[in-house]
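Beneath this line is the structure, given in structure tokens, with notes to follow.
The values are calculated or read from the model by the stated rules, or taken from the named source; none is laboratory data. Keep in mind it's a predicted model, so treat the numbers as computed, not measured. No Cβ is skipped: glycine too gets one built from the backbone with ideal geometry, and neighbour counts run over all protein chains shown.
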Amino acid sequence: MITTIAFDADDTLWHTESLFVDTQTRLVAILDRYAPHSEVVARLQETEERNLAFFGYGIKGFILSMVETAIEISRRQVHADEIHEIMMMGKAMLEAPLHLLDGVVPALDALAGQHRLLLITKGDLLDQTNRIAKSGLAARFAHVEVVAKKDPAAYRRIFAAQGLAPAEVVMVGNSIPSDILPILEIGGHGVHIPYVVTAAFERHEALPSHERFHQLTSIAEVPGLIRRLGAR
């Protein structure tokens, strides 16, 4: 019996990755005189992935990776005013308004009457806490948790603390590696809703072939899926 619906936050409830893409485009323009577009993008992705172990996920780590990329790709010739512009771009990301995806509020309200709702997101604690506050959605969730990494151990810990068995939880998110595969591994249901763009480190080549895996096109479809699962 499904009692609980857990949601990812970034690019599941509100737009986030598009902000990173726009900022990356601006970085490419700044570094255009040092290297071609494709080289800047590839170097930034490599630097981000390498720095995840040090800075984790989030805008602050992205800012540091942009600065490091600028220094390395320019062979330490980047100007102070260019570094300053990159830092200001990062701060603008932190201060940017937050926009919910279409259908989020009606879907959460439709589910809340019959199920317990959780919010499980990963990234920088301060950054994610600020986004949750901006969203105005916090009161709709029985529990909110920010984690450094989403893996089976993290989900087991959260569910155990909430008195939940994985089999009674449905996890909804846009990332196959972070939101879906760990949940399937521990016995829950995973609902994948692809976002228009996916970060390089969240991409997955093939969809899971599993009876507890479900893919939808919009969060508005989640209440209907939950009703069908409950009727089985």
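Summary of values
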{"read-out": "Qualifying residues in the stretch 67-92 (those that are in contact with a Ser or Thr (Cβ under 6 Å, 6 or more places away or on another chain) and either touching a residue at least 40 places away in the same chain (Cβ under 8 Å) or small (G, A, S) (or both)) - the one farthest from T121 (Cα to Cα)", "value": "T69"}
{"read-out": "Number of the exception - L64 against (1) in the same structural domain as A148 (by TED's automatic domain parsing); (2) within 17 Å of D127 (Cβ to Cβ); (3) free of Cβ contacts under 8 Å to residues at least 40 places away in the same chain", "value": "(1)"}
{"read-out": "Positions within the stretch 25-79 being closer than 17 Å to L94 by Cβ and small (G, A, S), in sequence order", "value": "G56, G58, G61, S65"}
{"read-out": "Extreme residue, farthest from D127 (Cα to Cα), among residues of the stretch 139-165 that are out of contact with any Pro (no Cβ under 9 Å at 6 or more places or on another chain) and without any contact (Cβ under 8 Å) to a residue 24 or more places away in the chain", "value": "A165"}
{"read-out": "Every residue from the stretch 181-204 that is at pLDDT 95 or above and either closer than 14 Å to T4 by Cβ or of a type in the set (V, I, T) (or both)", "value": "I183, I186, G187, G188, H189, G190, V191, I193"}
{"read-out": "So E185, is it over 16 Å from the mean Cα position of the chain (by Cα) and either in a loop (DSSP other than H, G, I, E, B) or under 23 Å from G103 (Cβ atoms) (or both)", "value": "no"}
{"read-out": "Condition broken by I5, with the remaining ones in (1) in contact with a His (Cβ under 8 Å, 6 or more places away or on another chain); (2) part of a helix (DSSP H, G or I) satisfied", "value": "(2)"}
{"read-out": "Residue selected from the stretch 33-50 under the condition without any contact (Cβ under 8 Å) to a residue 40 or more places away in the chain and surrounded by fewer than 16 Cβ atoms within 10 Å (Cβ to Cβ), by the criterion farthest from E82 (Cα to Cα)", "value": "R50"}
{"read-out": "A53 being closer than 29 Å to I193 by Cβ, surrounded by fewer than 17 Cβ atoms within 10 Å (Cβ to Cβ) and free of Cβ contacts under 8 Å to residues at least 12 places away in the same chain", "value": "yes"}
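Results for (1) at pLDDT 95 or above; (2) aliphatic (A, V, I, L, M), shown as yes or no for each residue.
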position	(1), (2)
Q45	no, no
R50	no, no
G56	no, no
G61	no, no
M66	yes, yes
T69	yes, no
E82	yes, no
M89	yes, yes
M93	no, yes
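Conditions tested, residue by residue: (1) of a type outside the set (S, T, Y); (2) closer than 24 Å to W14 by Cα; (3) surrounded by fewer than 13 Cβ atoms within 10 Å (Cβ to Cβ).
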{"position": "V67", "(1), (2), (3)": "yes, no, no"}
{"position": "Q77", "(1), (2), (3)": "yes, no, yes"}
{"position": "E82", "(1), (2), (3)": "yes, no, no"}
{"position": "M88", "(1), (2), (3)": "yes, yes, yes"}
{"position": "V104", "(1), (2), (3)": "yes, yes, no"}
{"position": "A107", "(1), (2), (3)": "yes, yes, no"}
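Conditions (1) surrounded by fewer than 22 Cβ atoms within 10 Å (Cβ to Cβ); (2) under 18 Å from A107 (Cβ atoms); (3) under 19 Å from the mean Cα position of the chain (by Cα), marked per residue:
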site: N130; (1), (2), (3): yes, no, yes
site: K134; (1), (2), (3): yes, no, yes
site: F141; (1), (2), (3): yes, yes, yes
site: A148; (1), (2), (3): yes, no, yes
site: A154; (1), (2), (3): yes, no, yes
site: A160; (1), (2), (3): yes, no, no
site: L164; (1), (2), (3): yes, no, no
site: P177; (1), (2), (3): yes, no, yes
